[in-house]
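Here the structure is laid out as structure tokens; the discussion comes afterwards.
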Amino acid sequence: MMSKGYMGKVLHVDLTTGEIRDEAVPDSVYEKYLGGMGLGAYMLYKEIPEGADPLGPDNILGFLPGLLTGTGSLFTGRWMVVGKSPLTGGWGDANCGGTFSPAIKRCGYDGIFVKGISEKPVYLYVDDRVRELRDASGVWGMDTVETEAYLSKKSGEKGKKPKVACIGPAGESVSLISGISTDNGRMAARSGLGAVMGAKRLKAVVLAGSKQIAARNPEEMKALSQKCNRWVQFQPPLVKGPLTWILGALMRIMPTVLTMDGMLYKILLKKWGTVSMNQISPEMGDAPIKNWKGSSKDWGAKKSLSSNPDVFTGCEKVKYHCYSCPLGCGGICTIEGKYGETHKPEYETVLSLGGLCMNEDVESIFYLNELLNRAGMDTISAGHAVAFAMECYEKGVITNSDTDGLGLTWGNSDVIVTLVERMVKREGFGHVLADGVKQAVERLGKKSEPYAVLAGGQEPAMHDSRNDPGFALHYSVEPTPGRHTLGSHLYYEMYQLWKVVKGIPKIPPMYWKGSKYKNIEKNAEIGAINSKYMTIINAAGVCMFGAFIGARRIRIFDWMNAATGWEFTPEQYLEKASDIHTLKQSFNVKHGIEPKEIKISERALGRPVQTEGANKGRSIEIEEMMRRYWEQFGWDGETGKPTVEQMKINAAG
Ligand code: SF4
């Protein structure tokens with residue numbers, strides 16, 4: 001077979017019957033759906049029956065590498081898990097780095113799809129010869145780090161170290177905010193897909209293949225990668241971590257915006273990782289504070305100082321790189337106490353367990369990061385659940401008699417730690433929060449609803465939609481709502497796609513800050529382009545941080561052509577992405593989601609407007625933006641649903 005960068009088949013596993021079978025995938029499917037997320041959408045749309053229970057046997061969980069994974073390209077070690085989300089009831093996906101993505105391909109597959117429910121706990125083992133379900137009763141109950149160590153050792157042959165993706169106690173107890181872990185705490189955290197794995201009694205997927213992954217044009221792949229790497233390695237000296245807040249303050253004060261070149265963010269990432277934003281984001285209004293009711297006034301440079309980026313690199317034992325990543329934004333940190341070490345916490349974790357709960361105690365955040373990674377629970381959702389409970393407590397909706405005596409006052413780190421420990425174990429009031437904010441509202445009643453900040457049932461990420469209307473839009477219109485990894489105005493600036501795609505809006509080098517909020521039509525147009533580009537990124541298995549360096553520096557379209565032998569133009573790739581995006585929206589409509597109803601909560605839209613801080617006076621005209629965004633895909637502007645014709649095409653496959 002001619003090398004094409006992909007393996008040409010997928011694996012199907014039925015946990016109810018024990019059947020395991022290969023399916024050859026025709027080239028035409030890859031040409032249409034590319035791989036990764038696109039291939040997952042193609043499979044799940046046709047295979048999951050209408051109305052399937054996300055926690056029942058008909059739901060299918062797919063593990064997919066990217067089209068570009070293993071082909072000699074850079075930043076292409078991301079893998080995707082897809083399924084019907086028990087958290088939103090619609091399309092679910094989560095994206096993760098580490099080293100699991102190439103392991104799927106080395107077993108000879110472009111996807112592993114699991115349906116049914118096993119009678120007893122099992123794990124799936126695959127290598128070049130063997131594909132079997134094995135008894136997991138010995139590891140059921142172990143945390144993710146213990147599970148990985150045990151299964152990797154048990155299954156390793158001849159010095160090989162198998163790659164493991166697994167759930168922890170949160171997934172086993174079907175927590176709707178649980179995720180799937182690899183590499184000792186790299187989490188595919190969002191959409192609650194760990195609960196799907198737990199409901200299926202599938203503890204882990206263990207991969208030990210050694211097949212070759214070959215690109216059509218390896219020389220071209222190498223040349224493109226070398227050029228990209230030169231940009232990545234450019235690294236001028238930077239200021240000290242505690243001074244980064246000044247950059248955020250400048251961005252807040254200036255009435256104009258200098259269009260962001262993603263190289264600046266790359267430089268921050270390479271030095272510190274995502275924690276580089278710990279002080280910048282709150283200052284500029286990008287970080288939601290105090291359950292989204294606070295502002296940069298409540299979480300100023302003094303309060304964020306304890307989590308300044310140098311604190312994290314100061315205890316970094318070694319840098320961590322995902323597969324094929326020349327940047328290495330991760331790190332392994334040494335910490336005091338029970339665990340000894342942890343993956344360097346991400347910005348999202350620091351802010352959701354920090355500023356969102358007014359918690360200045362960074363040691364507690366290191367501890368909670370490891371606790372939640374080991375439990376296999378989403379740190380963004382867990383932080384939101386705590387912040388929501390704190391506001392309910394402040395408003396008298398709940399009292400000590402509801403919280404087992406815990407005084408849920410803002411910033412009380414001891415109480416936050418105890419509460420999260422109880423969430424993981426589902427003990428007492430911890431059980432009320434263990435499935436996220438939406439379930440907590442159902443358990444506490446309507447009076448708690450005003451304090452819930454959600455998009456379609458999912459807790460949004462740590463990027464304030466009042467500061468960037470692009471986040472407001474993507475939180476509200478994507479088939480997986482509430483996600484920061486799908487688009488924003490800032491991302492569009494960093495991608496600089498107009499340099500490689502014809503006929504799309506260009507952002508001027510400098511503009512008035514206020515204009516971002518007024519140009520509804522343009523925001524909708526660039527929002528649609530963001531969604532399409534992100535679909536390409538997720539089909540190819542590219543890390544979003546790599547894509548931020550700009551489309552002329554990271555040549556994703558050229559890599560895809562060199563890997564497969566295709567000759568598609570960037571414009572043709574975006575058309576394919578539009579079809580994949582429509583397929584995901586069709587999945588939601590097929591499963592009863594009303595797109596209009598997944599809009600993010602009013603508070604996050606500036607309704608009412610804030611009276612102080614970086615986002616003072618801002619509100620987002622979301623409804624009109626949503627309408628125009630949907631029209632960009634040819635969907636009905638009033639309902640957000642694809643047309644009958646589009647649904648028919650998708651049903652035909
Ligand atoms: S930039 Fe960070 S998240 Fe992205 S691939 Fe590299 S190490 Fe992984």
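How many angstrom lie between the C-alpha centres of region 376-414 and region 321-355? Comparing the Cα centres of region 376-414 and region 321-355, I get a distance of 24 Å. For region 464-511, applying the loop criterion from DSSP together with a ceiling of 12 other beta carbons within 10 Å to the trypsin sites (Lys or Arg not before Pro) yields Lys502, Lys506. Once the chain from Gln212 to Glu394 is taken as fully extended at 0.36 nm per residue, the excess over their C-alpha distance is 59.7 nm. Mean separation of Cα pairs under 8 Å and 6 or more residues apart, divided by the residue count, gives the chain a relative contact order of 16 percent.
With the convex hull drawn around the C-alpha atoms of region 253-299, the volume per residue stands at 88 Å³.
Taking a straight line from the alpha carbon of Lys446, these aspartates and glutamates sit under 15 Å away, with near neighbours fewer than eight places off in the same chain left out: Glu391. Each distinct pair of alpha carbons in the chain adds a 1/r term; the inverse of their mean, the Kirkwood radius, is 24.4 Å. In region 468-596, Rg over Rh equals 0.97, where Rg is the alpha-carbon radius of gyration and Rh the Kirkwood radius from pairwise Cα distances. Inverting the pair-averaged 1/r between distinct Cα atoms of region 9-207 gives 16.3 Å as its Kirkwood hydrodynamic radius. Relative to the current alpha-carbon distance between Lys513 and Ser3, full extension at 0.36 nm per residue lengthens the span by 178.7 nm. Over every Cα atom in region 522-609, the radius of gyration and the widest Cα-Cα span, Dmax, amount to 16.2, 53 Å.
For the modelled label position 7 Å from the Cα of Val644 along Cα-to-Cβ, which residues of region 572-596 have backbone nitrogen atoms closer than 18 Å? The answer is 586, 589-590, whose backbone nitrogens lie closer than 18 Å to the label point. Here the Karplus relation 6.51 cos²θ - 1.76 cosθ + 1.60, evaluated at θ = phi - 60°, turns the backbone of region 314-324 into coupling constants of x, 10, 7, 6, 8, 6, 10, 10, 5, 3, 6 Hz, with x for every Gly and Pro.
Sorting the Cα pairs of region 340-482 by distance into bins of 10 Å, from 0 upward, gives 12, 44, 35, 9, 0 percent per bin.
Binning the alpha carbon pair distances of region 239-380 at 5 angstrom intervals from zero yields the distribution 2, 10, 19, 23, 21, 15, 7, 3, 1, 0, expressed in whole percent. Global size of region 188-234: 18.8, 47 Å for Rg and Dmax (C-alpha atoms, Rg to one decimal, Dmax whole). The residues Cys325, Cys543, when put in order of fewest to most other Cβ atoms within 10 Å, stand as Cys325, Cys543.
Using alpha carbon centroids, what distance separates region 233-250 and region 476-547, in Å? Taking the Cα centre of region 476-547 as reference, the centre of region 233-250 is 25 Å away.
The Cα center of region 162-220 and the Cα center of region 61-89 differ in position by 10 Å.
Could you list, in their original order, any pairs among Lys302/Lys513; Lys32/Lys271; Lys240/Lys438 whose Cα atoms are separated by more than 30 Å? Table pairs above 30 Å Cα-Cα are Lys32/Lys271; Lys240/Lys438. Couplings 3J(HN,Hα) for region 569-578, derived from phi with the Karplus relation 6.51 cos²θ - 1.76 cosθ + 1.60 (θ = phi - 60°), are 7, x, 5, 5, 4, 5, 5, 5, 4, 4 Hz, where x marks Gly and Pro. Of the GluC sites (Glu not before Pro) found in region 108-189, those in coil by DSSP whose Cβ has at most 16 other Cβ atoms within 10 Å are Glu119, Glu157. Of the GluC sites (Glu not before Pro) in region 299-387, the ones in a loop by DSSP (not H, G, I, E or B) with at most 13 other beta carbons within 10 Å are Glu336.
Read-outs throughout are calculated quantities, based only on the coordinates presented, and are distinct from any laboratory measurement. Remember, it's a predicted structure, so these values are computed and weren't measured experimentally. Methodologically, a virtual Cβ is constructed for each residue, glycine included, from the backbone with ideal geometry; neighbour enumeration extends over all protein chains shown.
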